[in-house]
Every structure is written in C-alpha cells, then in structure tokens.
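S.K.: Handing you a structure now.
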C-alpha cells in the first residue's frame, strides 16, 4: 500500500491543500517534507508522538523528513490553542530543550546517511533584519485575512500581543526557506496548524511562483473532543524520568473503550487486519485490545524490555500473575516511620495528591487502600507491620498503584 493510502486508511488525514496532487506525490515520488516542533519543554509528549508516527510511516515509504526545531519561533510563542500569552523563554532554555528533543526523536526517525535531518529555525530567524523582513515578507500578508484565522480569533477577546501576531509570518517564512534550501515542498502538522500552513503555501506561491503543499492530521482527542495525553499529574511525557514506563503503559491500558481502535490505528504499526479483528471485541474482551495498544505504544517509546516489564507489572496488579517489581516504587527508611509518617504523607510521596486536603477527600470517598485494605482514617500512621516481606502496596482508586519498600 502506498504512503498516502496508509495515512488515509489509518485515519490521520484531516485537511489538505490539494489532496489529489499530494496523493500523487506521496504515492509516486520521493518527497521532502517537514513538521515543526516548538521546544517549550524538555521532553516530547503524547501530542508530538502522533506526528513522529506520521514521519516514520512516510520515511519507511521512502520520503525524507525534516524535523524543524522552533528555536526561533519558541522565543515568540504560538497563539494556537492558547488562552494566554506564553512565557517568553531564554535562548539557554530553548537550546537545552531542543537538545532533549533531538535525542528523543532519534528513537523514532532514522537520521543516519541523510535519511532525515534536523534543523533549528533560530539559524535564520535570528539573523532577520526588521525592515527588510517587513518589506520582503510582511507585504504579502493581509491583516484582515489573518484575523479570520481561528488561532487569532480565539485570542481577540483576552488580548493578542503583537509578538504573537508575527508567528504566522515566521512559520510561513520557515516553509519558504526550507523549500529554497532543501527542496521541501510539503508541510505537515496538527489540524490546529491549518491557518499557518496554508499561509506558508501562499507565501511560496507569491514569492517564488512555485507550488507547495500542506496537509494536517486529526488531533489526538477523546470522543468528547478533549486532547488526549493528560493525567492528574499533567502531561504524558515520552521521557521516562517524567512519566515512568509503567505509568505510560497504564495510561494506554486504561483509556476508554471507545478510543482503543482509533489509538491502535494512529499510534502503533499493528496491521490493519489485526486491528480489524481487535475491533470485533466487545465488553470485557476489549481489554485484550487495550493490552495490545499499551504494549505496542510502550515498546515504540521505551523499548521491548520495558514494555514487557510494564505489562508484567500490570498483570500482577489486575490478574495476580507475573511480577510486580516494575511498578513505580520508593524506598522508605525505618527512621522515617519512627519519626512519624502517615497516610497523607504516603499519598504525597507517591505523587497521588498535590495537597493533604485532597488526600483527606480521597479517603472520605473510600478511594485509598493499603495492601488491598480500605483506609478510612486520614490520621492513619504507617507502621512496620504494613510491610509484609518488606513491601507496602498503596492504591488510589481502581487503577493507580505505588509500592513502598522498607529499608
């Protein structure tokens, strides 16, 4: 199956500037394309992961990806999807985050032998002179038309800064530069980037009188339209230091039934024939599809061994098989217990709560268990006898587990 047909069948494609032409290019030629990543954190997250899977699909089909790190645009801030102006970052912060991105992306994209490249738009954006840029690029943008873009309209009531208003010009200029320097003719991105992408296509047509193309992908959302990849602790990160392999596995193992098949299509390389078979599972049997999803996504991000470890730990919790040594854990000393360590301290140490008042509420709602015994007293002191064989299992609700190890 050709590249475009794979993306279409698996449900990636949302909008395209010229669907038939893009289909022809992807199915019959070798295309250089790019996706932009703003390094506003020191790790990629689940939202980025979908874009990396797209890049991987296309690279396997013989196309060449450019991963554009927005070292320059991150200093301005993308207003898309934001209700407030983004904090202006220092160059040092951005360089650190960009280096983390490069390391993570290499897990998914093959950068050897020039099969893919990474570039940072700070390289050219930092050298722009204001008046020449306004005369050469700004003259091609209609303010009236820009204000109709959803990314700007949604910010007009709360206020849109002039620095953010420049973002569309800068992203369009990126596309123009990448076309001129590398022969890149296709820009891809999430569907929230549609306005920025078509502005780049229009700029290339006006400046170089050449055709280029843009295509967006469906955002990773729940059936209610909320972005996926958020938990009580925040974003689901690809960095194991920020989201453990076990927690990462559990996130996918516990998603709603209605979202499993969509995620299998978008986030794994499981064949469509197998996904079709999994889609026939109903009720309790859908858990089999969830296990496949959780294992496959964790394997892509963290490797086969960590995916197997997380799967064993999960089964140990929910099916009483395998070994539970791979779940999140923390050592605690006898001295700490002697000094006084209660259930609220334990919930905080496990990262299950942000405040003790939240812990008291959870206990009142009968959502906290120690070694499968319900906790009803929020003054309960953690004592040695709660560590049979040196371990204590703390549980929040039905699906959150943490192990304390007595040392």
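For every residue, the table says whether it meets (1) at pLDDT 95 or above; (2) surrounded by 13 or more Cβ atoms within 10 Å (Cβ to Cβ); (3) over 24 Å from residue 52 (Cβ atoms); (4) within 28 Å of the chain's Cα centre (by Cα).
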residue	(1), (2), (3), (4)
138	no, yes, yes, no
141	no, yes, yes, no
144	no, no, yes, no
159	no, no, yes, yes
167	no, yes, no, yes
182	yes, yes, no, yes
185	yes, yes, no, yes
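S.K.: Out of (1) surrounded by fewer than 20 Cβ atoms within 10 Å (Cβ to Cβ); (2) touching a helix residue (DSSP H, G or I) at 6+ places or on another chain (Cβ under 7 Å); (3) in a loop (DSSP other than H, G, I, E, B), the odd one out for residue 265 is which?
M.R.: It fails just one condition, (3).
S.K.: Another question about this same structure. If we scan the range 278-300, do we find a residue that is part of a loop (DSSP other than H, G, I, E, B) and either more than 30 Å from residue 8 (Cβ to Cβ) or within 22 Å of the chain's Cα centre (by Cα) (or both)?
M.R.: So far as the range 278-300 goes, no, none of its residues is part of a loop (DSSP other than H, G, I, E, B) and either more than 30 Å from residue 8 (Cβ to Cβ) or within 22 Å of the chain's Cα centre (by Cα) (or both).
S.K.: Here's another thing I want to ask about it. Check the range 204-217 and report whether any residue there is in contact with a strand residue (DSSP E or B) (Cβ under 7 Å, 6 or more places away or on another chain) and either surrounded by fewer than 20 Cβ atoms within 10 Å (Cβ to Cβ) or within 22 Å of residue 287 (Cα to Cα) (or both).
M.R.: Among the residues of the range 204-217, not one is in contact with a strand residue (DSSP E or B) (Cβ under 7 Å, 6 or more places away or on another chain) and either surrounded by fewer than 20 Cβ atoms within 10 Å (Cβ to Cβ) or within 22 Å of residue 287 (Cα to Cα) (or both), which makes the answer no.
S.K.: Sticking with this one: Can you say whether residue 33 is modelled with pLDDT of 95 or more and surrounded by fewer than 23 Cβ atoms within 10 Å (Cβ to Cβ), as far as the supplied structure shows?
M.R.: Here the answer is no, as residue 33 does not meet what is asked.
S.K.: Sort out which residues of the range 275-298 are within 22 Å of residue 50 (Cα to Cα), in contact with a helix residue (DSSP H, G or I) (Cβ under 8 Å, 6 or more places away or on another chain) and without any contact (Cβ under 8 Å) to a residue 24 or more places away in the chain, and write them in order of number.
M.R.: Correct list: 275, 278, 279.
S.K.: A further question follows. Out of 354, 364, report the one residue that is without any contact (Cβ under 8 Å) to a residue 24 or more places away in the chain and in contact with a helix residue (DSSP H, G or I) (Cβ under 9 Å, 6 or more places away or on another chain).
M.R.: Going through 354, 364 in turn, just one is without any contact (Cβ under 8 Å) to a residue 24 or more places away in the chain and in contact with a helix residue (DSSP H, G or I) (Cβ under 9 Å, 6 or more places away or on another chain): 354.
S.K.: So is residue 11 in contact with a strand residue (DSSP E or B) (Cβ under 8 Å, 6 or more places away or on another chain) and in contact (Cβ under 8 Å) with a residue 12 or more places away in the chain or not?
M.R.: In short, no.
S.K.: List the residue pairs whose Cβ atoms are under 7 Å apart, where the first residue sits in the range 134-160 and is farther than 17 Å from residue 198 by Cβ, the second is surrounded by 15 or more Cβ atoms within 10 Å (Cβ to Cβ), and the two are 6 or more positions apart or on different chains.
M.R.: Sorted first by the residue in the range 134-160, then by its partner, the pairs are 138/169; 155/79; 160/79; 160/152.
The values are calculated or read from the model by the stated rules, or taken from the named source; none is laboratory data. Remember, it's a predicted structure, so these values are computed and weren't measured experimentally. Please note: Cβ atoms are built from the backbone with ideal geometry, for glycine as well, and neighbour counts cover all protein chains shown.
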